[in-house]
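Readers should treat all values here as calculations from the given coordinates under stated rules, not as data from a laboratory. Bear in mind that the values here come from a model prediction, so they are computed numbers and not experimental data. Quick reminder, even Gly has a Cβ in these numbers, built from the backbone with ideal geometry, and neighbours come from all protein chains shown.
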Amino acid sequence: MHELSIANSLVEIASEHARANGGQRILAITVRVGPLSCVHKSALEFSFDLLKQGTMLEGAQLKWLDVPVTVFCPTCEREVELPGIQRFRCPECDTPSGDIRSGRELDLETIEICQQATADA
Amino acid sequence: MIEPRILEVRTKILKKNDELARTMRAHFVEADVLVTNLVSSPGTGKTSLLRETLKRLLDAGEKVAAIVGDLETDNDARRLAESGAPVRQIMTHGCCHLEADMVQQHLTGWDLADFDYLFIENVGNLVCPTSWDLGESVRIALLSVTEGEDKPLKYPGLFNTADVALITKTDLAEPCEFNRELALKNIQAVRPGMSVLETSAKTGDGMDDWINYLKNMREQLKATGNTVAANNRSR
Ligand SMILES: Nc1nc2c(ncn2[C@@H]2O[C@H](COP(=O)(O)OP(=O)(O)OP(=O)(O)O)[C@@H](O)[C@H]2O)c(=O)[nH]1
Ligand SMILES: [Mg+2]
Ligand SMILES: [Zn+2]
């Protein structure tokens with residue numbers, strides 16, 4: 001379960017950014033994820049829910065921003081989106097391409113912060 | 001009352017690992033050490049291949065060392081130490097992959113100037129190690145002929161961050177009715193243009209090509225300060 005380790009970094013980075021910007025609490029975070037990141041979203045959600053307890057992320061919602069896998073097709077001379085990750089060929093012209101342009105992402109995109117320590121303060 | 005606000009962070013979640021790995025890679029390259037990260041399922045033959053590799057490189061007068069990750073035991077480290085090379089064990093206690101800081105800690109007391117090649121045997125797992133850059137210059141994805149030809153299709157993520165697919169236990173290909181053409185086709189399906197090597201640690205078949213590959217990579221590293229691998233992972 002490497003997602004536990006990823007969730008740990010996630011909580012750390014989100015908290016650092018929140019603190020640096022005067023946030024007391026984090027209400028929600030958005031994670032950008034590609035199919036080649038090798039992350040199981042449900043496993044990461046589970047780990048995140050576990051680790052956020054007792055931190056400024058307690059109660060925070062985890063939202064996903066899914067990115068597709070795209071490769072550069074040398075024949076079509078443009079970036080094309082792949083329907084899956086088992087076949088790295090252009091869906092238009094069938095040219096093989098391993099020139100991956102997106103799909104490996106595993107980024108903390110945004111955090112929603114609040115300057116109050118509790119919801120009803 | 002101050003309204004909640006949304007901050008753009010846009011940071012890689014594994015940024016700390018990536019940054020450390022980049023620093024480590026720079027040190028390895030500066031010291032002309034070729035670092036190879038071996039990734040596969042449990043039992044594919046990482047330790048067996050590595051033991052043969054260490055022996056052959058030592059016989060050729062090269063200076064080698066190995067770090068081996070294992071969940072709970074130090075069996076692999078003991079098997080590797082038989083070669084005479086310095087070997088260190090990272091016991092991960094349940095952690096399913098190695099991270100850059102674990103490797104860094106286990107380098108303490110070693111002088112990189114004493115090595116030409118450093119091998120890292122990752123924890124047997126096809127998914128988890130993929131996301132962690134260890135500062136290696138070469139990443140090898142191993143699959144054995146006993147595992148079935150569709151491994152690449154099941155784990156495209158690994159094959160897409162590795163530089164070479166290495167098919168192991170080729171001496172068992174026939175009894176296992178291994179369909180080599182299909183395996184090669186599946187590798188190319190998930191990673192067009194990927195280099196493939198084939199070895200048997202038992203008979204020694206293919207070992208010369210593998211050793212030559214490593215030597216070439218080290219020459220390339222010394223000449224250009226870079227390898228294919230490093231480019232491939234730092235997106
Ligand atoms: N016939 C044959 N058997 C092999 C070969 N390489 C490894 N084996 C056998 O496969 C089994 C597993 O090999 P290891 O080298 O321990 O595999 P590993 O990938 O290091 O395993 P973990 O560290 O547990 O993930 C052992 O019984 C080896 O003897 C080979 O080339 N041919
Ligand atoms: Mg082993
Ligand atoms: Zn095309």
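Below is a table of values for the structure above.
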| quantity | calculated |
| --- | --- |
| The stretch A:23-47, residues that are within 10 Å of A:Ile113 (Cβ to Cβ) and more than 9 Å from chain B (Cβ to nearest Cβ) | A:Gln24, A:Ile26 |
| B:Asp205 being of a type in the set (D, E, K, R), within 30 Å of B:Met91 (Cα to Cα) and out of contact with any Gly (no Cβ under 7 Å at 6 or more places or on another chain) | no |
| Flag for B:Thr36 being part of a strand (DSSP E or B), hydroxyl-bearing (Ser, Thr, Tyr), more than 16 Å from ligand 2 (Cβ to nearest atom) and out of contact with any Cys (no Cβ under 8 Å at 6 or more places or on another chain) | no |
| The stretch A:29-70 - residue that is farther than 18 Å from A:Ile6 by Cβ and in contact with a Ser or Thr (Cβ under 8 Å, 6 or more places away or on another chain) and, of those, surrounded by the most Cβ atoms within 10 Å (Cβ to Cβ) | A:Val69 |
| Tally, over the stretch B:44-66, of residues that are away from ligand 2 (no atom under 12 Å from the Cβ) and aliphatic (A, V, I, L, M) | 6 |
| Residues of the stretch B:117-127 satisfying the condition of being within 14 Å of chain A (Cβ to nearest Cβ) and either closer than 18 Å to B:Ala66 by Cβ or surrounded by fewer than 22 Cβ atoms within 10 Å (Cβ to Cβ) (or both) | B:Asn122, B:Val123, B:Gly124, B:Asn125, B:Val127 |
| Within the stretch B:76-116, considering residues that are more than 14 Å from every other protein chain (Cβ to nearest Cβ) and at positive phi, the one nearest to ligand 1 (Cβ to nearest atom) | B:Gly84 |
| Unique match (being of a type in the set (A, V, I, L, M), at the interface with chain B (Cβ under 8 Å from one of its Cβ atoms) and at negative phi) among A:Leu106, A:Leu62, A:Leu50 | A:Leu106 |
| Segments classed as strands (runs of 3 or more DSSP E), wholly inside the stretch B:131-235, with at least 2 members that are away from chain A (no Cβ under 14 Å) and over 15 Å from the mean Cα position of the chain (by Cα) | none |
| Close pairs (7 angstrom Cβ cut-off, 6 or more residues apart or separate chains): under 17 Å from B:Asn37 (Cα atoms) and in a strand (DSSP E or B) in the stretch B:64-75, within 9 Å of ligand 1 (Cβ to nearest atom) and among the β-branched types (Val, Ile, Thr) anywhere | B:Gly69/B:Val123; B:Asp70/B:Val123 |
